[in-house]
Amino acid sequence: MHERTFTPTRSCVWTAARFAAHSMPPRVLVVDDFIDSADALAAFLATSGFDTRVAYNGCDALKVANEWHPDSVVLDIAMPGVSGLAVARTLRESPGTACVPLLAYTAYETGDNYAELRAGGFDGVCAKPIDPLMVVEILTTLLAMPALRRGYYHS
């Protein structure tokens, strides 16, 4: 299994109330088959106060999610083997990850596939390239909301 762990620096960018109350950073799993992209986003999230791990394919993403229990997942859609959409559907079907916010992180998004991504369980979409501060804002917002009240975010 190929994964990396990035340790947060506790910069207080994240403000989700449930984590602030416990003084622990939210766990974010970043999944992307483009290693440089995955590592760069995970490192940025770690410097923003998130506890991050990286998986470079869908199979590893499911394994890490089941073992590490992330609070949110940033997930590339177009990956060889198990696609991000298949990973999202599997995460939604598992009781342990059914309510975890899922953020699609893709270079291939278009207005035509928003409905498919929403139906697949995603709570939002980020089109690559994106300012990583926007990813921090979206994750913070999604993590602060109860699952039933989450909106659908697009940037």
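The values are calculated or read from the model by the stated rules, or taken from the named source; none is laboratory data. Nothing here was measured: the structure is a model prediction, and the numbers come from that model. Glycine gets a Cβ as well: all are built from the backbone with ideal geometry, and neighbour counts include every protein chain shown.
Only residues that are modelled with pLDDT under 95 and part of a helix (DSSP H, G or I) were counted in the range 46-65, giving 2. HIS22 fulfils the conditions (1) modelled with pLDDT under 95; (2) part of a helix (DSSP H, G or I) except for a single criterion, (2). If I ask for residues that are in contact (Cβ under 8 Å) with a residue 40 or more places away in the chain, outside any helix (DSSP H, G or I), buried (at least 17 other Cβ atoms within 10 Å of the Cβ) and out of contact with any Cys (no Cβ under 9 Å at 6 or more places or on another chain), which ones from the range 90-121 would you list? Correct list: PRO101 only. Here is a check on your reading of the model: is VAL87 modelled with pLDDT of 90 or more, closer than 15 Å to VAL31 by Cβ and in a strand (DSSP E or B)? No, not satisfied.
Candidates are the residues of the range 25-65 that are in contact with a Gly (Cβ under 9 Å, 6 or more places away or on another chain) and over 22 Å from SER94 (Cα atoms); the one that is surrounded by the most Cβ atoms within 10 Å (Cβ to Cβ) is PRO25. Filter the range 92-133 down to residues that are modelled with pLDDT under 85, in contact with a strand residue (DSSP E or B) (Cβ under 7 Å, 6 or more places away or on another chain) and aromatic (Phe, Trp, Tyr), then give me how many there are. Counting residues in the range 92-133 that are modelled with pLDDT under 85, in contact with a strand residue (DSSP E or B) (Cβ under 7 Å, 6 or more places away or on another chain) and aromatic (Phe, Trp, Tyr) gives 1. Against the condition within 14 Å of the chain's Cα centre (by Cα) and over 21 Å from ASP39 (Cβ atoms), how does LEU85 come out, does it pass? Yes.
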